[in-house]
Amino acid sequence: MDVDLQEIVDSIDKDQHIGEAIKKYWGLRLIRQNPWECIVSYICATYKSIPAIKSMLNNMAKKFGERVALDGLDFYTFPECEKLADTSVEDLSACGLGYRAKYVLETSKKILESNFNFENLTKMPYLKAKKTLMDFPGIGAKVADCILLFSLDKNEAFPVDVWVKRVILNHYADKLPKVLVKKLCARESLSSGEYEKLNSFGRNHFGRYAGYAQEYLYHFERMTI
DNA sequence: ACCCAGGAATTGT
DNA sequence: ACAATTCATGGG
């Protein structure tokens, strides 16, 4: 809440479509999530529906987090890195993670053993921080962008998921090379090169606060199905 | 009983 | 570099 939303929204208001999204959902903001919780959340988010992701994260909190009583209700904190690093693929798989269990466990161990410091990522420029994150198992370009945007204050990060891809194809195709649009329509999944092209389109078109644009576009697209 | 999900890693051209 | 395939599982 400590940012000037009006200034940010004005800077990303570059075309008619985002103008509509901004008008309809004005007030939508980004969170600054705990980086560790954010990393695990988005590793788990790959190729999963949002209700399923919520379920997986709740299962992990119940099993490995600490119980906190509030107003007569029980809640569970998100488990620390040390805690998850000390589990097993079987334990995590039992939370519904499937093949992601291995990624969460290996990334936990790697972060713990290297004594990894998240604040260094905040100091790095966007691209370097992104490449650093992508060295961890289960973190590709999209997951890295989500972590940078939602927990490390990189407002230029522009995650491209299936919904953002739809937004771009439906409303911004005229701003991309025809060859690229054709390829994107032909196949479902994105190659790494195609991802970076859509990603850099977003950053170039919307500027320093492209991440906010992504959120407005993402939410708008999801609400109009 | 089906379908597909806020993709990443691996293997084949 | 790009394309195709595999990956485990649960909520709708």
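The values are calculated or read from the model by the stated rules, or taken from the named source; none is laboratory data. Everything quoted here is computed from the prediction, not taken from an experiment. Methodologically, a virtual Cβ is constructed for each residue, glycine included, from the backbone with ideal geometry; neighbour enumeration extends over all protein chains shown.
Could you please give the count of residues in the stretch A:148-176 that are touching a Pro at 6+ places or on another chain (Cβ under 7 Å) and not polar (S, T, N, Q)?
The total comes to 2.
Any residue at all in the stretch A:37-56 that is away from DNA strand B (no atom under 16 Å from the Cβ), within 17 Å of A:Y103 (Cα to Cα) and loosely packed, with under 14 Cβ neighbours inside 10 Å? Before you say what the answer is, go through the steps one by one.
Taking the stretch A:37-56 as the starting set, the residues that turn out to be away from DNA strand B (no atom under 16 Å from the Cβ) are none.
No, every residue in the stretch A:37-56 fails to be away from DNA strand B (no atom under 16 Å from the Cβ), within 17 Å of A:Y103 (Cα to Cα) and loosely packed, with under 14 Cβ neighbours inside 10 Å.
Tell me which helices (runs of 4 or more DSSP H) are completely within the stretch A:1-119 and hold 1 or more residues being touching a residue at least 40 places away in the same chain (Cβ under 8 Å), or say none if there are none.
On the way: elements: A:5-12, A:16-25, A:35-44, A:50-64, A:81-85, A:89-93, A:100-113.
The helices (runs of 4 or more DSSP H) meeting that bar are A:5-12, A:16-25, A:35-44, A:50-64, A:81-85, A:100-113.
Could you please find all residues in the stretch A:193-225 being within 11 Å of DNA strand B (Cβ to nearest atom) and loosely packed, with under 10 Cβ neighbours inside 10 Å?
Once the filter is applied, which keeps residues that are within 11 Å of DNA strand B (Cβ to nearest atom) and loosely packed, with under 10 Cβ neighbours inside 10 Å, the stretch A:193-225 yields only A:I225.
Can you tell me which residues in the stretch A:138-161 are part of a loop (DSSP other than H, G, I, E, B) and under 19 Å from A:L190 (Cα atoms)?
Scanning the stretch A:138-161 gives A:G138, A:I139, A:G140, A:A157, A:F158, A:P159, A:V160, A:D161.
Identify, please: which residue in the stretch A:68-91 is among the acidic types (D, E) and loosely packed, with under 10 Cβ neighbours inside 10 Å and is, among those, modelled with the highest pLDDT?
A:E90
Looking at this structure, is A:D161 closer than 21 Å to A:E221 by Cβ and acidic (D, E)?
Here the answer is yes, as A:D161 does meet what is asked.
Can you say whether A:D135 is in a helix (DSSP H, G or I), more than 13 Å from DNA strand C (Cβ to nearest atom), more than 22 Å from A:E7 (Cα to Cα) and acidic (D, E), as far as the supplied structure shows?
No, not satisfied.
Might you let me know whether the stretch A:1-16 holds any residue that is within 14 Å of DNA strand B (Cβ to nearest atom), exposed (fewer than 15 other Cβ atoms within 10 Å of the Cβ), at pLDDT 95 or above and closer than 26 Å to A:V160 by Cα?
No, the stretch A:1-16 contains no residue that is within 14 Å of DNA strand B (Cβ to nearest atom), exposed (fewer than 15 other Cβ atoms within 10 Å of the Cβ), at pLDDT 95 or above and closer than 26 Å to A:V160 by Cα.
Just a yes or no: is a residue in the stretch A:180-195 charged (D, E, K, R) and outside any helix (DSSP H, G or I)? Steps first, answer last, please.
Taking the stretch A:180-195 and keeping what is charged (D, E, K, R), we get A:182-183, A:187-188, A:194.
Filter again for outside any helix (DSSP H, G or I), leaving A:187-188.
So far as the stretch A:180-195 goes, yes, one or more of its residues are charged (D, E, K, R) and outside any helix (DSSP H, G or I).
Is at least one residue of the stretch A:173-189 surrounded by fewer than 16 Cβ atoms within 10 Å (Cβ to Cβ), among the hydroxyl-bearing types (S, T, Y) and outside the structural domain of A:E82 (by TED's automatic domain parsing)?
Yes, because at least one residue in the stretch A:173-189 is surrounded by fewer than 16 Cβ atoms within 10 Å (Cβ to Cβ), among the hydroxyl-bearing types (S, T, Y) and outside the structural domain of A:E82 (by TED's automatic domain parsing).
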